[in-house]
1. Of all residues in the stretch 59-96 being crowded, with 21+ Cβ neighbours inside 10 Å and among the small types (Gly, Ala, Ser), which is nearest to the chain's Cα centre (by Cα)?
2. In the set ALA168, ALA183, which member is among the hydrophobic types (A, V, I, L, M, F, W, C) and not in a strand (DSSP E or B)?
3. If you go through the stretch 45-68 one residue at a time, how many are of a type in the set (S, T, N, Q) and in a helix (DSSP H, G or I)?
4. When the residues of the stretch 199-221 are filtered to those that are in a loop (DSSP other than H, G, I, E, B) and surrounded by 20 or more Cβ atoms within 10 Å (Cβ to Cβ), which remaining residue is modelled with the lowest pLDDT?
5. Just one of the numbered conditions (1) out of contact with any Ser or Thr (no Cβ under 8 Å at 6 or more places or on another chain); (2) within 22 Å of LEU57 (Cβ to Cβ); (3) basic (Lys, Arg) is not true of ARG214; which one?
6. Could you grab the pairs with beta carbons closer than 6 Å, sequence gap of 6+ or different chains, first residue in the stretch 13-37 and buried (at least 17 other Cβ atoms within 10 Å of the Cβ) and of a type in the set (Gly, Ala, Ser), second one in a helix (DSSP H, G or I) and at pLDDT 80 or above?
7. Could you list all residues from the stretch 186-198 that are crowded, with 18+ Cβ neighbours inside 10 Å and part of a loop (DSSP other than H, G, I, E, B)?
8. Determine which member of the set ALA160, ALA168 is touching a Leu at 6+ places or on another chain (Cβ under 6 Å) and either modelled with pLDDT under 95 or more than 19 Å from TRP243 (Cβ to Cβ) (or both).
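The values are calculated or read from the model by the stated rules, or taken from the named source; none is laboratory data. The structure presented is a predicted model; accordingly, all values stated were derived computationally and were not measured. Don't worry about glycine lacking a Cβ; one is built from the backbone with ideal geometry, like all the others, and counts go over all protein chains shown.
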Amino acid sequence: MNAAVDPVMLKHRPDLSLAYADVKGLQPNMSPTVFAALQETIATVQRPTILETGIGLSTYHLCDQIRTTGGTYIGIEHNWSWFEVVEAWIRRLLTLHAGGVPVEQRRFIGPLRPKYYPKPVLHVDSLFLAGPLTVKLLLRQATGMTGDGTAEEFHEYLEAIAGPVDVAIVDGRARIPTLERIATRGVLRPGGMLFLHDAATYRKVAETLFPGGRFLEGRGGFKNALRPDQPARALVPDEAYLWRISPEGNASHA
């Protein structure tokens, strides 16, 4: 943990203690082979635009990967506390490794009041500009959590999913509505890649909406890097589905 922890802040918001964790050497919560496949995909694109639903350690490492070569990372999250943790990681990453490049952050906060829901829903846009890298972190709170989350509960979250992007990573809540939106709204540009993590649960949906992709089984079991007390994840559930649109804009094999 970083020595600069504010004890007063943590007394009122203990959930933010993770914001001070040194995460550079921590593995994202997916097997090394799965994450390596994702990074290799991104490395084939010059100045990629990456969209990820469900932010976390992968956000940190993917932003670090394209920090010097350039590109845009867009991360969408529904959990306010977790959003602030990851936002702190990105702020520190860009500040500590700027290499003389000016780093600018702009933050927009506002409650939304959907017509179909009587309570305010928090809406935060956090924009980082650091030389050739642009990072957009978008908080879109849900109005409920039925199972993995319905399209109605995650309406604002789903509305934030837009393209065109080179790589769309689905690793958050409301995965079926998220996949449906990516499939029907032209989110991926020609040659773009879909990466669905924990794909075993959504195998039938993935193959229906994005036929012709391939499943990648994770190898080299892993632990939750931020929760070392928890047991290692089994290999079988850690499966990814990769699918690519051809350069002509047609469905293609990954």
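1. Taking the stretch 59-96 as the starting set, the residues that turn out to be crowded, with 21+ Cβ neighbours inside 10 Å are 59, 62-63, 66-67, 71, 73-78, 83, 85-87, 89-90, 93-94.
Retained after the next criterion (residues that are among the small types (Gly, Ala, Ser)): 71, 75.
On the way: GLY71: 15, GLY75: 5 Å.
Residue satisfying both the conditions and the ranking: GLY75.
2. On the way: ALA168 fails: not in a strand (DSSP E or B).
Matching residue, one of ALA168, ALA183: ALA183.
3. Pass one, the stretch 45-68, residues of a type in the set (S, T, N, Q): 46, 49, 53, 58-59, 65, 68.
Imposing the further condition that a residue be in a helix (DSSP H, G or I) reduces the set to 58-59, 65.
Within the stretch 45-68, residues that are of a type in the set (S, T, N, Q) and in a helix (DSSP H, G or I) number 3.
4. Across the stretch 199-221, the extreme among qualifying residues is GLY218.
5. Condition not satisfied by ARG214: (2).
6. Going by the 6 Å Cβ cut-off, the qualifying pairs are ALA19/VAL85; ALA19/ALA88.
7. Selection gives VAL187, HIS197, ASP198.
8. Numbers: ALA168 fails: either modelled with pLDDT under 95 or more than 19 Å from TRP243 (Cβ to Cβ) (or both).
From the options ALA160, ALA168, the qualifying one is ALA160.
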